[in-house]
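The values are calculated or read from the model by the stated rules, or taken from the named source; none is laboratory data. Since we're looking at a predicted model, the values are computed, not measured. With ligands, DNA and RNA removed, areas are computed over all heavy atoms of the protein, side chains included. Shrake-Rupley method; radii C 1.70, N 1.55, O 1.52, S 1.80 Å.
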Amino acid sequence: MICQSYRLKGGISMTMSEMIKQGLEKKGITNFKQSAKVLGVSSEILRVTINKGHIPKDSTLNIIADTVS
């Protein structure tokens, strides 16, 4: 499992999956199917990214980042 922690402003440390989950929750999106549809990625990619810490391809990661930021 690849799980890298990122240090954010204020010394807060989060994994990528935590950042994605937090961004989706802020937008009121709570389930994989709905999240994947909003993000334009497959629910399987989203599931392994959030649950297993998988880091997706750059293009997929950019889509997710643009949507949840």
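Figures for the structure shown
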item: Under Karplus coefficients 6.51, -1.76 and 1.60, residue-wise ³J(HN,Hα) of the stretch 22-28 in Hz, glycine/proline x; result: 5, x, 5, 4, 4, 8, x
item: Percent accessible area from carbon and sulfur atoms, the stretch 15-65, protein chains only, probe 1.4 Å; result: 52
item: Candidate aspartates and glutamates - alpha carbon under 15 Å from residue 33, same-chain residues fewer than 8 apart omitted; result: 25, 44
